[in-house]
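Engineer: After the structure tokens below, expect a handful of questions from me.
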Amino acid sequence: MKLAQKLADIGKTGVVINSDSAQVYSDLHVLSARPSDKEMDGIEHRLFGTWDGAQACSAADWAARAKEEIAECHASGTVPILVGGTGMYVRVLIEGIAPIPEIDSEVREVVRTMTTETAYAALMIEDPVRAAELKPNDSQRIARSLEVKRSTGVALSDWQQTKTGGIGEEVDLHPLILMPNRQWVYERCDARFASMLKYGAIKEVRALVKRDLSPGLPVMRAIGVPEIAALLRGEITQDEAITAGAQSTRNYAKRQFTWLRNQSPKEWPKIESQNIDIEVLFASLLQL
């Protein structure tokens, strides 16, 4: 918002484009902390609440829409400002994605019912190179690697060498990674979840539960949804839901710190402070 306002000061129009995997869903307003109309303050926001929860929004789905929005901004002379903590979304947009065929449903079902230990043992046999790159407890990446190898006969690492569709070479990037004090972030995580329960999160999850959506959908696995759903079923108390939800939020923040340190491009500047000097950090953009 500060960047968009600075752009407005020099006669340019900024458009905020969401790259957060929870804020894309219309069903998750409170729990994703999606900005309200008041918070948008007249600045155009796109891809916020665009997907219905019944439809999973993959990184490839989002990247396709984001490319369209960015192209439209460029055509109209406005400046696209991407914001959000989903690193995989941004990576796919910039680097492209491997053209992996649709995974066979039977293969996926078998792999996803395995324990992480069993799946990792299988991956060490079927794709030892990929297995060596992963930690034995990285359940999501292990399952993905195994199902790709079994369904396509080609290792995931080989597919990833043929990425297509990235826009990194086609646009001027002005990146900034925000990594404020971790304890400060964790304190905000705790306050955030408790506040959400006060301002509509329970009602939001109740509406989701009534839709009887598949529990495997991203919207049903979003932070806070499983905890509040358990509260609604009477399985835990509200205090227990708050504790569990806050812990899940902190765990996610920790994973984001790890991702941003290790997976983002080394040349992207990192700000390890709560203070952001827009004019200094985006000087080149503000001079265009």
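The values are calculated or read from the model by the stated rules, or taken from the named source; none is laboratory data. These numbers come from a predicted model, not from an experiment. Glycine gets a Cβ as well: all are built from the backbone with ideal geometry, and neighbour counts include every protein chain shown. The area values use the complete protein model at the heavy-atom level, side chains included, leaving out ligands, DNA and RNA. Shrake-Rupley method; radii C 1.70, N 1.55, O 1.52, S 1.80 Å.
Engineer: Could you rank ASP37, ASP52, ASP20 by how accessible they are, 1.4 Å probe, largest area first?
Structural biologist: Numbers: ASP37 130, ASP52 60, ASP20 30 Å².
In descending accessible area the options line up as ASP37, ASP52, ASP20.
Engineer: Have a look at region 117-190 and give its Rg and Dmax from the Cα atoms, expressed in angstrom.
Structural biologist: Reported Rg and Dmax, both Å: 17.9, 46.
Engineer: Given contacts defined as C-alpha pairs under 8 Å and at least six residues apart, what's the relative contact order of region 111-195, whole-number percent? Write out the running numbers ahead of the final one.
Structural biologist: Working: 49 pairs, mean separation 18.0, N = 85.
Over region 111-195, the number comes to 21 percent.
Engineer: Using the Cα centre as the reference, give the magnitude of the dipole from point charges on the C-beta atoms of the chain (Lys, Arg: +1; Asp, Glu: -1; all else neutral), rounded to the nearest 20 debye.
Structural biologist: Numbers: 34 positive and 39 negative charges, 116 e Å.
So the magnitude is around 560 debye.
Engineer: Round to a whole angstrom and tell me the spacing of the C-alpha centers of region 135-151 and region 37-98.
Structural biologist: Centre-to-centre (Cα) distance: 27 Å.
Engineer: When the Kirkwood hydrodynamic radius is evaluated over all pairs of different C-alpha atoms of region 9-154, what value in angstrom, to one decimal, is obtained?
Structural biologist: Values: mean 1/r = 0.0567 Å⁻¹.
Mean inverse Cα-Cα distance, inverted, gives 17.6 Å.
Engineer: Based on alpha-carbon positions alone, could you give the equivalent ellipsoid semi-axes of region 75-152 from the gyration tensor, as √(5λ), descending, whole Å?
Structural biologist: Details: eigenvalues 201, 42, 26 Å².
That gives 32, 15, 11 Å for the three semi-axes.
Engineer: Something else about it: Heavy atoms only, probe 1.4 angstrom, no DNA, RNA or ligands counted: give me ILE228, ILE81 ranked by accessible area, highest first.
Structural biologist: Numbers: ILE228 0, ILE81 25 Å².
My answer, sorted largest first, is ILE81, ILE228.
Engineer: Per DSSP H run of at least 4 residues, take -39500 (n - 2.57); add these up for the chain, divide by its residues and hand me the 222 nm value, nearest 500 deg cm²/dmol. Kindly include the intermediate steps, with their values, before the conclusion.
Structural biologist: Numbers: 16 runs with 155 residues, N = 288.
After summing the helix terms and dividing by residue count, I get -15500 deg cm²/dmol.
Engineer: I've got another one for you. I'd like the accessible area for HIS74, computed on protein heavy atoms only with a 1.4 Å probe and all protein chains in place. Round to 10 Å², please.
Structural biologist: Roughly 100 Å² of HIS74 is accessible to a 1.4 Å probe.
Engineer: Right, another one. Collect residues whose amide H, placed 1.01 Å from N in the peptide plane, falls under 5 Å from the amide H of LEU82; neighbours closer than 5 in sequence don't count.
Structural biologist: ILE17
Engineer: Further question: Percent relative contact order of region 169-288, based on C-alpha pairs within less than 8 angstrom and at least six residues apart?
Structural biologist: On the way: 77 pairs, mean separation 55.3, N = 120.
With pairs under 8 Å counted, the relative contact order is 46 percent.
Engineer: About the Cα centre, and with charges only on the beta carbon of Lys, Arg (+1) and Asp, Glu (-1), how big is the dipole of region 184-288? Nearest 20 debye, please.
Structural biologist: Numbers: 15 positive and 12 negative charges, 66 e Å.
It comes to approximately 320 debye.
Engineer: Excluding same-chain residues fewer than 8 positions from LYS149, which aspartates and glutamates have a Cα within less than 16 Å of its Cα?
Structural biologist: GLU102, ASP104, GLU106, GLU109, GLU126, ASP127, GLU133, ASP158
Engineer: Please go through the residue pairs LYS2/LYS254; LYS198/LYS266; LYS6/LYS163; LYS135/LYS210 and name each one whose alpha carbons sit more than 30 Å apart in this structure. Let's see the in-between values first.
Structural biologist: On the way: LYS2/LYS254 26 Å; LYS198/LYS266 40 Å; LYS6/LYS163 35 Å; LYS135/LYS210 38 Å.
Listed pairs above 30 Å: LYS198/LYS266; LYS6/LYS163; LYS135/LYS210.
Engineer: When the Cα atoms of the chain are enclosed in a convex hull and the volume is divided per residue, what value in Å³ results?
Structural biologist: Working: hull volume 43.3 nm³, N = 288.
Hull volume over Cα atoms, normalised by residue count, gives 150 Å³.
Engineer: Looking at the chain, what % of its DSSP beta bridges pair antiparallel, to the nearest 5? All intermediate terms of the calculation are to be shown ahead of the outcome.
Structural biologist: Details: 2 of 12 bridges.
Once the DSSP bridges in the chain are tallied, antiparallel ones form about 15 percent.
Engineer: Using 0.36 nm per residue, how much length does the chain from SER105 to TRP268 gain when fully extended, once their Cα-Cα distance is taken away?
Structural biologist: Details: separation 163, 0.36 × 163 = 58.68 nm, distance 3.84 nm.
54.8 nm is the gain from fully extending SER105 to TRP268.
Engineer: Next question, about the same structure. Looking at the P(r) of region 140-257, how many percent of alpha-carbon pairs lie beyond 18 Å? Please list the in-between numbers first.
Structural biologist: Details: 4630 of 6903 pairs.
Of the Cα pairs, 67 percent sit more than 18 Å apart.
Engineer: Once the Cα atoms of region 39-121 are picked out, what are the Rg and Dmax in Å?
Structural biologist: 17.4, 53
Engineer: Grab the other residues whose beta carbon is less than 14 angstrom from that of VAL209, score K and R as +1, D and E as -1, and report the net. Don't jump to the answer; show the numbers that get you there.
Structural biologist: Details: positive: LYS203, ARG206, LYS210, ARG211, ARG221, ARG233; negative: ASP27, GLU204, ASP212, GLU227, GLU235.
That sum, taken over residues with Cβ under 14 Å, equals +1.
Engineer: Take the Cα gyration tensor of region 79-214, multiply each eigenvalue by 5, square-root it, and list the three semi-axes largest first, rounded to whole angstrom. Present the calculation step by step, with values, prior to reporting the outcome.
Structural biologist: Details: eigenvalues 205, 122, 60 Å².
Square roots of five times the eigenvalues give 32, 25, 17 Å.
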